[in-house]
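What follows is one structure encoded as structure tokens, with my remarks underneath.
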Amino acid sequence: MLRSMYSGISGMKNFQLKLDVIGNNIANVNTYGFKKGRVTFKELVNQQISGASAAVNGRGGINPAQVGLGAEIGTIDTVHTSGPTQSTGRLLDVAISGDGFFPVGVITDLTRVNIDYAGQFGDNKILGAIDRAIDLAYTRAGNFYLDANGYLVTGEGLYLIGETGEKIPPTDQGIQKANAALQQITSFNTPYKNMYESLRDISKRANALMEAYEAYNDAVELWEKDGRQNPSPLYTSMQNARNALIDIWTEFNAAITNPTSGFGNIRDQFETAIGQLNNSINNFNNTPPYTDVITTITNPILPITAGDYPQNPSTAIPLGSSADTNTLDLMTKLIGTIENYKVALNNVGQAVIKYEDIAESLKEAQWTDSLSGEAGLIQIPLSAKSFSIGSDGKVTFIDRNGQLKVAGQIRLANFPNPEGLEKIGSNLFRETPNSGFIDQNGNGLQLNELSVPGEDGAGSLINSSLEMSNVDLAEEFTEMIVAQRGFQSNTKIITTSDEILQELLGLKR
């Protein structure tokens, strides 16, 4: 049989594999952090027809005569050139500008990782070597997410590993203290709401009463200008205005003096609730970890007595007589007092919100403004108002009290030979003996063996951006054409060899 047929077969297999790699590259053209593949070929073997000989007896030397028997795959490389950076505007998207990989992994030993788990709080630190607690992998895809506890994870739930912030878990005493305060705040909310609604109703009625006084005075003035005629349409209008004034005053008075639903009763309930809340604040302030976080709330609402507003106009204002200036001034003063009450009540509400925030914070872990210096997971509290990731990987957040805290710092793994890494799917790589190991001394991976972004040859981070695939479609389509033509050419070798064999078979005829 002809050697060329087998050479053609090897070429077809090689170009088929090349097309497989090209197809995978094109399929991942929009995969974040993807690194394209490349196939190289090499000669298979060469059959020796004759060997080389040296010059001898006046005759020059002779070159060897060899026939190649095809090609085989030389390498299938992963090309670790940087892909273009795409801005996403999403705070949890991070791109690496330069060398390095994000270390991520699954916890394999929960006794070595002190995280929030099963209702318990931890400080997020990894005890001992990182790789003895975490099944590590590495990725260039920086699209991270928050899980239910606020930990930074990949789309598959792998934890992002770095230097954790200084986190102080809540104490049992603090949680008990917080629950007692929150229970009292819940009890206070009902009388506070009733007081707010009552003040709003009184304010509405007071303004309506003022308008009724003014409308009656206008009706009296028109009747007087008409000559005080009785009966007359203007007299009837004045009489109707006075009746309306009396009705509105009666409703206003009832809203203040009703023994069960009136303002006085609601205010008394509110005053009692304020006293109970102040006792709760004093108890909260006088025990650790807080000693003086909020002052007691002064009762801002004084009683409204009969002397604070005009008497019943049915007896105090005869028909045909205008309400005097003192009456209107008294109503103006009352309306102003009620508005001041509403401002004071809003201040009470703000103080209670502050108290509630402080109490809630006792049930949560406390953070400082510095890193812990130890390896661990990076967690952003769910109560954080905002957060950001710096170019050096430092993750900071604004807590519920408006203070800047540090959640941790992203670290990068920088390999001596990134092309030696093994792809394991899901945009992940795993180290191999040929990639080099991050653990330099064999005692397990330590925090100082992971690089701070922008230092020790590691790239810096670009926030709200992602690294795109490094696949170049123009290059891939060109390589596809080359592979297609190479495949076709090898098929021609086989068909041509077959035709020669057919000719040989024809000699028998």
Assuming R0 = 56 Å, what is the FRET efficiency of E475 and Q403, from their Cβ-Cβ distance, to the nearest 0.05? 0.65
Once you have the Cα-Cα distance between S187 and T325, take 0.36 nm times their residue separation minus that, and quote the gain in nm to one decimal. 45.3 nm
So for each of 305-311, 374-380, 424-430 I average, over its residues, the number of other beta carbons within 10 Å; can you give me the resulting order with the highest mean first? 374-380, 424-430, 305-311
Rounded to the nearest percent, how much of the accessible area of the chain (1.4 Å probe, protein heavy atoms only) is carbon and sulfur? 50 percent
Summing -39500 (n - 2.57) over every DSSP H run of at least 4 residues in the chain and dividing by its residue count gives a helix-only mean residue ellipticity at 222 nm, to the nearest 500 deg cm²/dmol, of -14500 deg cm²/dmol
Would you please put 209-215, 118-124 in order of how densely packed they are, using the mean number of other Cβ atoms within 10 angstrom per residue and starting with the highest? 209-215, 118-124
Approximate spin-label separation D247-E455, in nm, with each point projected 7 Å along Cα-to-Cβ: 8.0 nm
Could you give the accessible area per residue of region 1-154, probe 1.4 Å, as a whole number in Å²? 51 Å²
Zone of E224 (label point 7 Å along Cα→Cβ, backbone N under 19 Å): which residues in region 318-362? 318-330
Under the rule a/c < 1.5 gives rounded, and otherwise a/b versus b/c splits prolate from oblate, where does the chain land using the Cα gyration tensor? prolate
5 angstrom amide H check on N143, placed H, neighbours 5+ away: V94
Let a ≥ b ≥ c be the square roots of the eigenvalues of the Cα gyration tensor of region 410-479; is it rounded (a/c under 1.5), or, if not, prolate (a/b larger than b/c) or oblate? oblate
For region 207-341: accessible area per residue (Å², 1.4 Å): 54 Å²
Helix 473-506: inclination vs the chain longest Cα principal axis, degrees, rounded to 10, gives 30 degrees
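The values are calculated or read from the model by the stated rules, or taken from the named source; none is laboratory data. Nothing here was measured: the structure is a model prediction, and the numbers come from that model. Cβ atoms come from the backbone with ideal geometry, glycine included; neighbour counts cover every protein chain shown. All accessible areas refer to the heavy atoms of the entire protein, side chains included, with ligands and DNA or RNA removed. Shrake-Rupley method; radii C 1.70, N 1.55, O 1.52, S 1.80 Å.
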